[in-house]
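**Student:** One structure, as structure tokens, below. Some questions next.
FYI, it's all coordinate maths here, none of it is from the lab. Please read all numbers here as calculations on a predicted model, not as lab measurements. Methodologically, a virtual Cβ is constructed for each residue, glycine included, from the backbone with ideal geometry; neighbour enumeration extends over all protein chains shown.
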Amino acid sequence: MDSEIVAIYVVCDDALKLLDQKDDLQAIMSTAEVITFSIIASRLFGGNHFRARWFCQRVGYFQRILSPSRLSRRLRRIPWPVWTFLVKILGAIFKMQNESREFAVDSFPVPCCKKSRIDRRRYFLEREFIGYAPADKRYFCGIKVHMVVTGRGEPVEVVFRPASHSDLTVLWDMELDLPEESSLYADGAYACFDLEDLLAKDSKIRLLAKYKRTNTKRVRLCDEERRISSRRQIVETAFSWITGILPRYVRACTERGFLLRVMSAVLAYSISCAVR
């Protein structure tokens, strides 16, 4: 665990140097330390900053540590591009190490409150944040985390979108900066002949989504369909790890606080993959 925490700090510090982010000379904790603290809280304590602060004080990971309220304010002041840049740096490393050039894409829901409290929620008030989770067979309020992972489950691209946005719509908007001749496995929700042809022509990426039973235009062999189902399951393993360290309902006072806690969990998983 110590090596993993050191790796978290090193990645954060190097990323901030690349972005030329400088801290105030009077700051008690650097921005890299604040981000590291947030990831530790998600990795070990389900995002509970009070427990994480007590743990860091006892173990001595930081020379000085801010109060919980000041930590929250510092986290909210960190620009969102800094968090996405951390994901891109780790994703670039994973893509270089992925010799098989096999990737998988899918999404998982992150609710912000219980179903009975949807009408009393304080944030995510727009209608687009209410969506349906087919796996759980229920409606929920929150976001969906759309993720592209390597054949070993390492995240290379992560996108947060409102719960009502369909998987295929989000896939059209994703960068998909993958190597040429890559294979992108997906379930039936991503089946789209137009997108499949576009990726094959422009980016040289094979979109291998499961075809629905009603499909009559393009036919695959049963062995290929089974191979697609098997290869895309690695993304489900990644989702299980991330949702396992997240609380059942993420507690936050603002939308930004909610997104930061989810992003911290995603980064905790990414760095865990890098250390592994």
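**Student:** For a protection proxy built on the mean count of beta-carbon atoms within 10 angstrom, sort 242-254, 154-166 highest first, please.
**Tutor:** Result, highest mean first: 154-166, 242-254.
**Student:** For the chain, what does the relative contact order come out to in percent, with C-alpha contacts under 8 Å and a separation of six or more?
**Tutor:** Contact order relative to length: 22 percent.
**Student:** Multiply the residue separation of Arg256 and Gln63 by 0.36 nm, subtract the distance between their alpha-carbon atoms, and state the gained length in nm to one decimal.
**Tutor:** So the chain would gain 66.7 nm between Arg256 and Gln63.
**Student:** What order do you get for 88-101, 12-25 when each peptide is scored by the mean count of other beta carbon atoms within 10 Å, highest first?
**Tutor:** For the peptides 88-101, 12-25, the packing ranking is 88-101, 12-25.
**Student:** Inverting the mean 1/r over all pairs of different Cα atoms, compute the Kirkwood radius of the range 163-276 and quote it in Å.
**Tutor:** Hydrodynamic radius (Kirkwood, Cα only) of the range 163-276 equals 16.5 Å.
**Student:** Based on the Cβ-Cβ distance of Gln97 and Ser240, what FRET efficiency does E = 1/(1 + (r/R0)^6) give at R0 = 30 Å, to the nearest 0.05?
**Tutor:** Efficiency at R0 = 30 Å is approximately 0.85.
**Student:** Another question about this same structure. Based on alpha-carbon positions alone, could you give the equivalent ellipsoid semi-axes of the range 1-111 from the gyration tensor, as √(5λ), descending, whole Å?
**Tutor:** 26, 17, 15
**Student:** Sorted by mean Cβ packing within 10 Å, highest first, what order do the peptides 45-51, 2-8 take? Don't skip to the answer; put the middle values down first.
**Tutor:** Numbers: 45-51: 17.1, 2-8: 15.0.
Peptide ranking by packing, descending: 45-51, 2-8.
**Student:** Quick one: check the C-alpha center-to-center distance for the range 170-219 versus the range 73-89, whole angstrom.
**Tutor:** Distance between centres, Cα-based: 30 Å.
**Student:** With only Lys, Arg, Asp and Glu charged, each at its Cβ (+1 for the first two, -1 for the last two), find how big the charge dipole of the chain is about the Cα centre; round to the nearest 20 debye.
**Tutor:** 1460
**Student:** Obtain the nm distance between the two label points defined at Val82 and Arg120 by a simple spin-label model: each point lies 7 Å from its Cα along the Cα-to-C-beta direction.
**Tutor:** 3.6
**Student:** With the crude spin-label approximation of a point 7 Å out along Cα→Cβ, what separation in nm comes out for Ser166 versus Arg218?
**Tutor:** 1.6
**Student:** Among (i) 14.1; (ii) 13.4; (iii) 15.9, which one is mean projected area of the Cα convex hull in nm² computed from these coordinates?
**Tutor:** Evaluating mean projected area of the Cα convex hull in nm² on these atoms matches (iii).
**Student:** Consider all pairwise Cα distances in the range 93-250 and report the whole-number % of them above 18 Å.
**Tutor:** 61
**Student:** While we're on this one: By its C-alpha gyration tensor, with a ≥ b ≥ c as the square roots of the eigenvalues, how is the range 65-181 shaped: rounded for a/c under 1.5, else prolate for a/b larger than b/c, else oblate?
**Tutor:** oblate
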